[in-house]
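The values are calculated or read from the model by the stated rules, or taken from the named source; none is laboratory data. What you are looking at is a predicted structure, and each value in this text was computed from that prediction instead of being measured. Positions of Cβ are backbone-derived with ideal geometry, glycine not excepted, and every protein chain shown enters the neighbour counts.
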Amino acid sequence: MRTQILIVDDHPDNVDLLRDRLEARGYATIVARDGEEALRAAGALDGPLAPDAIPDLILLDVMLPKVDGREVARRIKADRSLPFMPIIMQTALDSTESKVEGLDAGADDYITKPINFAELEARLRSWLRIKSLQDEVERQSREILRISQTDALTEIDNRRYLEERLREAFEHAKRMHEPFACLMCDLDLFKSVNDNHGHQAGDVVLKQLAQLLRSEAREIDRVGRYGGEEFMLILPGTSAEAAMRFADRVRNAVAQRTFSFDGGSVQRTISCGVAGWPHPRISHVDELVRAADDALYVAKETGRNRVVRYDSPEFTIHAKTSGHQADDGDERRTEHDDGRHPRPAPGSAHAPDPNRGAPARA
Ligand code: GH3
Ligand code: MG
Ligand code: MG
């Protein structure tokens, strides 16, 4: 794509001259004849432009109809959503004051009229070099940000980012008095996938499950990997009842799914815990997560491949009999394997039946 220069000038003769010279040097040009057109052409007026419409550099006259050049520079430089666009101000010869004002307003450089084209071209090349370095820095920082928010294996939100989004979304829901739900899902008997097919096969299953969860979720939901084989879904504007229906649909979709990898395939199920706000015992985001996690624990304990809602009658019975309640403190974390889903000793009356969580084969 050719480098695009936005020429902002209200004198037709100047515009023609600049355009001819620049196009002859291989630049593409866009012309704006007043300050308002300039802001629009730079993407600072009516929202974002298509990437190929964004100018690479702006050659800006000071005296302009509607919005003057200094104000144009000020507004473009103040708009954080715009990429770096060098602005070269055209100023009248000997007008130190206008040069100073232009630079203070945010112009990166100036050139005096009448324009010496050799000088203009040298300045263009210099600023375009700086721009390409700046663009690279911006690209890298976007990439670093993305990596810091993404789970490397599944490419969905990682736990840190998920918790950040959860906090934000929950606070927003409380402010707006909108319902809000959180879903915790854990793959059932996933360890056996690794044991029987190898860790790489397990990784593939996790990736495919992540994609499945994302495809079931709406655009406004957030899906992330909370831990090893545990996923969290954030459902803004969703009541606990609606979240239960959604979770059951997801649970069913997973149960119907065959996960394929090099050398084989498996079916697996998930267990889900659902917690919704408003709820009299949930006012902080940590309580919401804890509630969903506790409900997930009950789903595991009552047979897997199930969805359990925090504070449902079923939850209350099982949470009580297992001494596992919303306010039971942290003791369980010391007495069980992973501190999250305590499981009875193998062979005990409550030992998980390995076939119980296995999906019905079609
Ligand atoms: P449950 O139904 O009680 O959840 O049984 P489970 O086997 O799923 O649970 P358990 O906590 O015993 O085992 C979880 C397994 O998940 C063990 C661990 O190796 C595996 N795991 C966690 N993270 C990854 C990962 O990134 N890749 C692979 N392949 N396996 C993982
Ligand atoms: Mg599991
Ligand atoms: Mg787990």
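Taking the conditions exactly as written (of a type in the set (Lys, Arg), more than 19 Å from Val307 (Cα to Cα) and within 24 Å of the chain's Cα centre (by Cα)), does Arg175 satisfy them or not?
Yes, satisfied.
Residues are listed down the side, and each one gets a yes or a no for (1) in contact with a Pro (Cβ under 8 Å, 6 or more places away or on another chain); (2) within 20 Å of Lys99 (Cβ to Cβ); (3) surrounded by 16 or more Cβ atoms within 10 Å (Cβ to Cβ):
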{"site": "Leu17", "(1), (2), (3)": "no, no, yes"}
{"site": "Ala24", "(1), (2), (3)": "no, no, no"}
{"site": "Arg33", "(1), (2), (3)": "yes, no, yes"}
{"site": "Ala38", "(1), (2), (3)": "no, yes, yes"}
{"site": "Ala42", "(1), (2), (3)": "yes, no, yes"}
{"site": "Ala53", "(1), (2), (3)": "no, no, no"}
{"site": "Asp61", "(1), (2), (3)": "no, yes, yes"}
{"site": "Asp68", "(1), (2), (3)": "no, yes, yes"}
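Among the candidates Leu128, Leu187, which residue alone is in contact (Cβ under 8 Å) with a residue 60 or more places away in the chain and closer than 20 Å to Leu6 by Cβ?
Among Leu128, Leu187, only Leu128 is in contact (Cβ under 8 Å) with a residue 60 or more places away in the chain and closer than 20 Å to Leu6 by Cβ.
Does the range 308-326 include one or more residues that are touching a residue at least 60 places away in the same chain (Cβ under 8 Å) and either closer than 29 Å to Gln200 by Cβ or among the β-branched types (Val, Ile, Thr) (or both)?
No: zero hits.
Can you name every one of the helices (runs of 4 or more DSSP H) wholly within the range 248-346 that holds 1 or more residues which are over 27 Å from the mean Cα position of the chain (by Cα) and modelled with pLDDT under 95?
313-321, 332-335
In the range 210-233, which residue that is touching a strand residue (DSSP E or B) at 6+ places or on another chain (Cβ under 7 Å) and in a helix (DSSP H, G or I) is farthest from ligand 2 (Cβ to nearest atom)? Before you say what the answer is, go through the steps one by one.
To start, the set of residues in the range 210-233 that are touching a strand residue (DSSP E or B) at 6+ places or on another chain (Cβ under 7 Å) comprises 210, 213-214, 217, 220-226, 229-233.
Going one step further and asking which of them are in a helix (DSSP H, G or I), we end up with 210, 213-214.
Working: Ala210: 15, Leu213: 15, Arg214: 19 Å.
If we take residues in the range 210-233 being touching a strand residue (DSSP E or B) at 6+ places or on another chain (Cβ under 7 Å) and in a helix (DSSP H, G or I), then Arg214 is farthest from ligand 2 (Cβ to nearest atom).
The rows are residues; the columns are (1) assigned to a strand (DSSP E or B); (2) touching a helix residue (DSSP H, G or I) at 6+ places or on another chain (Cβ under 8 Å); (3) among the acidic types (Asp, Glu); (4) more than 16 Å from ligand 2 (Cβ to nearest atom).
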site	(1), (2), (3), (4)
Glu119	no, no, yes, yes
Trp127	no, no, no, yes
Ala152	no, no, no, yes
Leu166	no, yes, no, yes
Ala169	no, no, no, yes
Leu183	yes, yes, no, no
Gln200	no, no, no, yes
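Here is a list of conditions, (1) of a type outside the set (Ser, Thr, Tyr); (2) within 16 Å of ligand 3 (Cβ to nearest atom); (3) buried (at least 20 other Cβ atoms within 10 Å of the Cβ), and Arg159 meets all of them except one; can you say which number that is?
Every condition holds for Arg159 apart from (3).
Only residues that are in contact (Cβ under 8 Å) with a residue 60 or more places away in the chain, more than 16 Å from ligand 3 (Cβ to nearest atom) and not aliphatic (A, V, I, L, M): list them for the range 221-255, please.
Selection gives Arg222, Pro236, Gly237, Ser239, Phe246.
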